[in-house]
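**Student:** Could you have a look at this structure, given as C-alpha cells, before my questions?
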Amino acid sequence: MSDYLVSVLLGIVEGLTEFLPVSSTAHLRISEALLHISLTSGYWKMYSIVIQLGAILCLPIYFRERIAKFLSTFPRGERGDRTILTHPLSLVLIAFIVTAIPAFLLTKLISAHLESLFIMGWALLIGGIIMWIVDARNAASEAAGPNGPPGRIHTWHMEEMSLGQAIWIGACQILSAVFPGTSRSMSTIAAGQLAGMSRASALEFSFFLSIPTMVVSTGYEFLKFLSGKGEGDNAIGVSQIDSHGWVVLAIGFVVSFIVAYGAVAWFMAWVRHRGFQPFAIYRIIVGAAVLVWAWR
C-alpha cells in the first residue's frame, strides 16, 4: 500500500478518535499493526506525534470565540463571581499541572506500556463499563435539565466549575497517561460527571484541558525526535527525513486536522442531546476484540 494512502488512513483514524472517548492511542496502534507498520520505527513513531499535533490545532480554532471571551473576562469571569484561582482558564491550568507532574515522573513506565495490546484491551473494556455506569447514573438529572428538581448534577456550565472539580479531573487524567487505551477524554469526562458536572460542561472542560496537555506532551516528543534524541536506536533527526517523508507527514497532519475539527463539532452537538452510552458499548466491543486478538 502506498505511504500516501497509509498517511491518509492513519490521519482519519487519529482525527476521528483523538477527542472521542474511545482512545486514539489504541486505535492508532491497532491500525498500524493491521497495516503492517513497524511500531519500532523512529519515523512512524514521529508520524504518530505529528498527526496528534494536527488534531490538537483544531481545538483553539474551533473554540476561538470561547477562548477570546475567557481572556477578556479574566480573572473575574463573565458573571463577576470568579477569582484568579477559579476562573475557567485558571482551572484548566491547575488541572494540567496536576496531571503533568506525575505523568512526567512516570515517563519510563508509560513508555514501557505504550504498545501493550493486553493493557489497551483491558483499558478499553473497563473504561467502557465505567463510562456506561457513570453516564447512566446521571441520566435522570440530564433529562430534567438545570431547571428540574435537584439531582446529581449541580454544574451545568464550565464557568460554574470549582477548584476541587478541576483538581479531581486532572488527577483522573493521569490514568490515561499511564494506561494506553484508557482515553484521555474518557477519563476526564467520566471524572467530571462523577464530580457533579453535566455532559456538556464535562466535555467542554475536557476539550480545553486537552490543549495544554497535548501541546506540551506531543510537542516535547516531537522536538526530541527532530533533534535526533528519540527513543534509543530509533532516534530520527531532520536530516534523516527525505522529501517523500515530509510529504507523508504533511498529508497526515492536514487530514488529521480536518477530520478532528469535524469530529469535535459533531461530538459537541451529539452530547447536548444524547449520552455517552454508544461510545461505552463500542469500547467494550473493541476492548474484548483486542484481548482476543492479543491472546491468539
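The values are calculated or read from the model by the stated rules, or taken from the named source; none is laboratory data. Note that the coordinates shown come from a computational prediction; the quantities given were computed from them, not determined experimentally. Glycine also receives a Cβ, built like all others from the backbone with ideal geometry; neighbour counts cover every protein chain displayed. In case anyone asks, the SASA skips ligands and DNA or RNA and just uses the protein heavy atoms, side chains included. Shrake-Rupley method; radii C 1.70, N 1.55, O 1.52, S 1.80 Å.
**Student:** Listed residues Ile110, Ile126, Ile101; which is modelled with pLDDT of 90 or more and open to solvent by 30 Å² or more (accessible area, probe 1.4 Å)? Break it down into steps so the answer makes sense when it comes.
**Tutor:** Numbers: Ile110 fails: modelled with pLDDT of 90 or more; Ile101 fails: modelled with pLDDT of 90 or more.
That would be Ile126, the only listed residue that is modelled with pLDDT of 90 or more and open to solvent by 30 Å² or more (accessible area, probe 1.4 Å).
**Student:** So, of the residues in the range 74-94 that are among the hydroxyl-bearing types (Ser, Thr, Tyr) and in contact (Cβ under 8 Å) with a residue 12 or more places away in the chain, which turns out to be least open to solvent (accessible area, probe 1.4 Å)?
**Tutor:** First, pick out the residues of the range 74-94 that are among the hydroxyl-bearing types (Ser, Thr, Tyr): 83, 86, 90.
Subset that is in contact (Cβ under 8 Å) with a residue 12 or more places away in the chain: 86, 90.
Working: Thr86: 32, Ser90: 15 Å².
Applying the filter and picking the extreme gives Ser90.
**Student:** When only residues in the range 131-145 that are touching a residue at least 24 places away in the same chain (Cβ under 8 Å) and open to solvent by 80 Å² or more (accessible area, probe 1.4 Å) count, which is farthest from Ser198 (Cα to Cα)?
**Tutor:** Trp132
**Student:** Assuming Met1 fulfils every condition listed in (1) crowded, with 22+ Cβ neighbours inside 10 Å; (2) over 15 Å from Val255 (Cα atoms) apart from one, which condition is it?
**Tutor:** Going through (1) crowded, with 22+ Cβ neighbours inside 10 Å; (2) over 15 Å from Val255 (Cα atoms) one by one, Met1 breaks only (1).
**Student:** With the requirement that a residue be under 16 Å from His27 (Cα atoms) and either in contact with a Ser or Thr (Cβ under 8 Å, 6 or more places away or on another chain) or free of Cβ contacts under 8 Å to residues at least 12 places away in the same chain (or both), what does the range 269-284 give you?
**Tutor:** To start, the set of residues in the range 269-284 that are under 16 Å from His27 (Cα atoms) comprises 279-284.
The one that is under 16 Å from His27 (Cα atoms) and either in contact with a Ser or Thr (Cβ under 8 Å, 6 or more places away or on another chain) or free of Cβ contacts under 8 Å to residues at least 12 places away in the same chain (or both): Arg283.
**Student:** Could you grab me the full set of residues in the range 176-233 that are of a type in the set (A, V, I, L, M), within 30 Å of Tyr43 (Cα to Cα) and more than 12 Å from the chain's Cα centre (by Cα)?
**Tutor:** Listed by number, the residues that qualify are Val178, Val216, Leu223, Leu226.
**Student:** Looking at (1) polar (S, T, N, Q); (2) buried (at least 16 other Cβ atoms within 10 Å of the Cβ); (3) modelled with pLDDT under 95; (4) within 23 Å of Glu78 (Cβ to Cβ), which is the only condition Thr182 fails?
**Tutor:** (4)
**Student:** From the list Ile56, Ile61, exactly one residue is open to solvent by 40 Å² or more (accessible area, probe 1.4 Å), in a helix (DSSP H, G or I) and over 16 Å from Val8 (Cα atoms). Which is it? Give the derivation first.
**Tutor:** Details: Ile56 fails: open to solvent by 40 Å² or more (accessible area, probe 1.4 Å).
Unique residue meeting the criteria: Ile61.
**Student:** When you look at Met161, is it surrounded by 23 or more Cβ atoms within 10 Å (Cβ to Cβ), under 23 Å from Ile67 (Cβ atoms), modelled with pLDDT of 80 or more and among the hydrophobic types (A, V, I, L, M, F, W, C), yes or no?
**Tutor:** Working: surrounded by 23 or more Cβ atoms within 10 Å (Cβ to Cβ): yes; under 23 Å from Ile67 (Cβ atoms): yes; modelled with pLDDT of 80 or more: yes; among the hydrophobic types (A, V, I, L, M, F, W, C): yes.
Against the criterion (surrounded by 23 or more Cβ atoms within 10 Å (Cβ to Cβ), under 23 Å from Ile67 (Cβ atoms), modelled with pLDDT of 80 or more and among the hydrophobic types (A, V, I, L, M, F, W, C)), Met161 qualifies.
**Student:** Go through (1) touching a Leu at 6+ places or on another chain (Cβ under 8 Å); (2) modelled with pLDDT under 95 and name the single condition Phe205 misses.
**Tutor:** (2)
**Student:** Against the definition (farther than 30 Å from Ala136 by Cβ, modelled with pLDDT of 95 or more, assigned to a helix (DSSP H, G or I) and not charged (D, E, K, R)), how does Val254 come out, yes or no?
**Tutor:** Values: farther than 30 Å from Ala136 by Cβ: yes; modelled with pLDDT of 95 or more: yes; assigned to a helix (DSSP H, G or I): yes; not charged (D, E, K, R): yes.
The answer is yes for Val254.
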